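For reference, the structure is listed below as structure tokens.
The values are calculated or read from the model by the stated rules, or taken from the named source; none is laboratory data. Everything numeric in this text was worked out from a predicted model, so none of it was measured. Every residue, glycine as well, gets a Cβ built from its backbone with ideal geometry; the counts of neighbours run over all protein chains shown. Accessible surface areas use protein heavy atoms only, side chains included; no ligands, DNA or RNA. Shrake-Rupley method; radii C 1.70, N 1.55, O 1.52, S 1.80 Å.
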Amino acid sequence: MRDFQSPGRSTVHALNGMAATSHPMATLAAIDILRAGGTAADAAVAAAAPQSTGIGGDAFALYSAYGGDQIVAYNGSGSAPMKASADWYLERGIKAIPLTGPHSVTVPGAVDMWARL
């Protein structure tokens with residue numbers, strides 16, 4: 001049995017689809033979606049949501065419908081809160097956004113990106 005705590009890669013062979021993640025349960029979630037008739041995008045969301053990105057984070061995806069040549073980029077980065085304007089910060093004497101703290105937090109964008117995907 002493979003030790004999932006050790007680095008390394010297992011070989012994989014598949015005829016109809018596959019999924020690979022850093023956690024076996026996330027991979028199984030994606031495979032279950034594919035077995036139920038879901039798309040690769042559905043499986044990607046199922047694999048990422050519980051452990052990679054989570055609903056409180058940001059997400060990004062490149063998607064090519066049916067393996068075509070056109071690639072669509074989805075940007076699920078967080079947006080600033082609605083009232084976080086430059087004037088709001090300046091009125092409060094905040095001239096720079098720190099790397100940590102309440103003023104450096106965004107509204108998570110992962111769930112919106114997954115819905116669009």
Legend entry - Search result, residues across region 97-116 that are under 16 Å from Ala49 (Cα atoms), open to solvent by 50 Å² or more (accessible area, probe 1.4 Å) and in a loop (DSSP other than H, G, I, E, B): Pro108
Inset, instruction - Please tell me if Thr27 is open to solvent by less than 80 Å² (accessible area, probe 1.4 Å), among the polar types (S, T, N, Q) and assigned to a helix (DSSP H, G or I). - result: yes
Inset, instruction - Take Asp42 and decide whether it is touching a residue at least 24 places away in the same chain (Cβ under 8 Å), open to solvent by 50 Å² or more (accessible area, probe 1.4 Å) and not in a loop (DSSP other than H, G, I, E, B). - result: no
Legend entry - Subset of region 1-44 that is among the polar types (S, T, N, Q) and farther than 18 Å from Ala115 by Cα - its residue that is modelled with the highest pLDDT: Thr27
Legend entry - Qualifying residue in region 78-94 (condition: in a helix (DSSP H, G or I), touching a residue at least 60 places away in the same chain (Cβ under 8 Å) and not polar (S, T, N, Q)): no
Inset, instruction - Identify the residue in region 45-63 that is in a loop (DSSP other than H, G, I, E, B) and hydroxyl-bearing (Ser, Thr, Tyr) and, among all such residues, is farthest from Gly109 (Cα to Cα). - result: Ser52
Legend entry - Single residue of region 45-59 satisfying the filter (at pLDDT below 90 and β-branched (Val, Ile, Thr)) that is surrounded by the most Cβ atoms within 10 Å (Cβ to Cβ): Thr53
Inset, instruction - Specify the residue that is nearest to Trp114 (Cα to Cα); the eligible residues are those in region 78-96 that are under 28 Å from the mean Cα position of the chain (by Cα) and open to solvent by less than 50 Å² (accessible area, probe 1.4 Å). - result: Gly78
Inset, instruction - Kindly provide the set of residues from region 64-77 that are modelled with pLDDT of 90 or more, open to solvent by 70 Å² or more (accessible area, probe 1.4 Å) and farther than 29 Å from Ile97 by Cβ, ordered by number. - result: Asp69, Gln70, Ile71
Inset, instruction - Check Ala14, Ala19 and return the single one that is loosely packed, with under 11 Cβ neighbours inside 10 Å and assigned to a loop (DSSP other than H, G, I, E, B). - result: Ala14
